[in-house]
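Everything below concerns the one structure shown next.
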Amino acid sequence: MTKKTPKGRVPSLIGGTNGRPVRVDVQRRSECYRCDDEIAAGTSCVAIPKLGGAFTNERRVCDACYQAILKQTSDDLEELRRL
């Protein structure tokens, strides 16, 4: 599968999630929720908890998208420090 452009602006880990991201091993083929790139079985990815109704859903992201999310979170923290 070819890598697509990630959806929307890069999210931040500040305020939008419930819980901490965790690294998980992929049991069967999965897709990154941001760029729809395939995450192969047997590899690891990062699962970011997201509250949705009565259940907590984990959104899985590839390493490249997770690095972009961390950078956006860092930028948000820097902006908050300047207040």
ask   = Between Arg59 and residues 5 or more places away or on another chain, which pairs have amide H atoms under 5 Å apart, with H built 1.01 Å from N, and which residues are they?
value = Ile48, Lys50
request  = Could you please report the charge total around Ala47, scoring K, R as +1 and D, E as -1 over all other residues with beta-carbon less than 12 angstrom from its beta-carbon?
outcome  = +3
key: Pair Thr5, Asp37: separation of 7 Å Cα→Cβ label points (nm)   = 1.7 nm
task = Output ³J(HN,Hα) for region 42-49: one whole-Hz value per residue in order, computed from phi by the Karplus curve 6.51 cos²θ - 1.76 cosθ + 1.60 with θ = phi - 60°, and x for Gly and Pro.
result = x, 9, 10, 8, 9, 9, 9, x
inquiry  = Output wanted: per-residue J couplings in Hz (rounded whole) for region 77-82, from phi through Karplus 6.51 cos²θ - 1.76 cosθ + 1.60, θ = phi - 60°, x for Gly and Pro.
reply    = 5, 4, 5, 5, 5, 7
remark   = Stretched fully, the stretch from Glu58 through Arg28 gains (0.36 nm per residue minus C-alpha distance, one decimal, in nm) 9.3 nm
note = With 0.36 nm assigned to each residue of separation and the Cα-Cα distance removed, Gln67 to Arg20 gains 15.4 nm
request  = Order the following by accessible area, largest value first: Thr73, Thr5. Probe radius 1.4 Å; ligands, DNA and RNA are ignored.
outcome  = Thr5, Thr73
note = Any residue on another chain or 5+ positions along whose placed amide H is under 5 Å from the amide H of Leu13 is listed here as Thr73
ask   = Quick one: Karplus J couplings for region 61-67, per residue in order, coefficients 6.51, -1.76, 1.60, θ = phi - 60°, nearest Hz, x for Gly and Pro?
value = 10, 6, 5, 5, 5, 5, 5
remark   = Listed by chain and number, the residues whose amide H is under 5 Å from that of Ile39, excluding neighbours fewer than 5 places away on the same chain and using placed H, are Ser30, Glu31, Cys32
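The values are calculated or read from the model by the stated rules, or taken from the named source; none is laboratory data. Quick caveat, the model's predicted, so the values are computed rather than measured. Here the Cβ is made from the backbone with ideal geometry for all residues, glycine too, and neighbour counts use every protein chain on show. Just the protein is used for accessible areas: all its heavy atoms, side chains included, with ligands, DNA and RNA removed. Shrake-Rupley method; radii C 1.70, N 1.55, O 1.52, S 1.80 Å.
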